[in-house]
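K.L.:
Dumping the structure here so I can ask a few things about it.
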Amino acid sequence: MERATPAATDDNLLPFAFPAVERKKVTAAFDGGRLSSDGGVMLLSQAERRLGLAERLAAVIPDERDASRVIHRLPDILRARIFAIACGYEDADDLDRLRSDPTFKLACGRLPDTGTDLCSQPTVLPSESAGALYSIPCQSAAPCSVPVDCVA
C-alpha cells in the first residue's frame, strides 16, 4: 500500500516575498477565503514594477483627459490592461469583472477588500479606440526598450 505524501507545513516555501500594499503584508495561501484563479498576476506585478513598464509607457502616451475628472491614472489603467491581457483576458470587457478581483487589485497596489476598484471597460475603451495604446510614439530607444539586465 502506497502512502500519501504528507502535506507541507512550512508556509515559507515561496522563494520570494510579495511587496506590502499600504503597509500590509501580502502572502500566498491556498486555504480558502476570497479566491482568484489568477495568482500568477502577482509574479507579473513584481516584474512590471521592477521594470517600470506601466510608468514608462504612460510617459510616452498623451493623456488628453480633463485632469479634474480623472479617477484612474494612466499608469494604473495600463497596468490593469497589461495584467489582464497577460492572464488571457484579451477583451477590455473583462475588466468589468476583474476590477474587483482581489488578486488583480493586489497586483495593482490596492487592498482587496477596502482598496478602490480598478478601472472598468468604459475607462479603457476610449484609449484603445483612439489607438493610443497601439501606436506609442518611439522618439528614442529608452521608452521603447526594456533593458534585459535589470531582470536578473
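K.L.:
Looking at (1) modelled with pLDDT under 60; (2) buried (at least 17 other Cβ atoms within 10 Å of the Cβ); (3) in contact with a Lys or Arg (Cβ under 6 Å, 6 or more places away or on another chain), which one does Pro143 not meet, given that it meets all the others?
P.N.:
Result: Pro143 passes all but (2).
K.L.:
Next question, about the same structure. Take Cys119 and tell me if it is crowded, with 19+ Cβ neighbours inside 10 Å and either more than 8 Å from the chain's Cα centre (by Cα) or more than 19 Å from Ser37 (Cβ to Cβ) (or both).
P.N.:
Values: crowded, with 19+ Cβ neighbours inside 10 Å: yes; either more than 8 Å from the chain's Cα centre (by Cα) or more than 19 Å from Ser37 (Cβ to Cβ) (or both): yes.
Here the answer is yes, as Cys119 does meet what is asked.
The rows are residues; the columns are (1) part of a loop (DSSP other than H, G, I, E, B); (2) modelled with pLDDT under 85; (3) surrounded by 10 or more Cβ atoms within 10 Å (Cβ to Cβ).
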| residue | (1), (2), (3) |
| --- | --- |
| Met1 | yes, yes, no |
| Thr5 | yes, yes, no |
| Ala28 | yes, yes, yes |
| Gly33 | yes, yes, no |
| Ser36 | yes, yes, yes |
| Gly39 | yes, yes, yes |
| Met42 | no, no, yes |
| Glu48 | no, no, yes |
| Ala58 | no, no, yes |
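K.L.:
Here's another thing I want to ask about it. Residue check, Asp101 against (1) closer than 18 Å to Ser36 by Cβ; (2) at pLDDT below 85; (3) of a type in the set (D, E, K, R), all met but one. Which one?
P.N.:
It fails just one condition, (2).
K.L.:
Just to be sure I understand the filter: pairs with C-beta atoms under 8 Å, separated by 6 or more residues or on different chains, first member in region 64-87 and surrounded by 14 or more Cβ atoms within 10 Å (Cβ to Cβ), second member outside any loop (DSSP other than H, G, I, E, B) and among the aromatic types (Phe, Trp, Tyr). Which pairs pass?
P.N.:
The qualifying pairs are Ala80/Phe104; Phe83/Phe104; Ala84/Phe104.
K.L.:
Pro137 - would you say it is in a helix (DSSP H, G or I) and modelled with pLDDT under 80?
P.N.:
On the way: in a helix (DSSP H, G or I): no; modelled with pLDDT under 80: yes.
So Pro137 fails the test.
K.L.:
Could you check how many residues of region 63-105 are among the hydrophobic types (A, V, I, L, M, F, W, C) and part of a loop (DSSP other than H, G, I, E, B)?
P.N.:
Filtering region 63-105 for residues among the hydrophobic types (A, V, I, L, M, F, W, C) gives 67, 70-71, 74, 77-78, 80, 82-87, 92, 95, 98, 104.
With part of a loop (DSSP other than H, G, I, E, B) added as a condition, the list becomes 70-71, 87.
Adding up the residues that qualify gives 3.
The values are calculated or read from the model by the stated rules, or taken from the named source; none is laboratory data. Note that the coordinates shown come from a computational prediction; the quantities given were computed from them, not determined experimentally. Note that we place each Cβ from the backbone using ideal geometry, even for glycine, and neighbour counts take in every protein chain shown.
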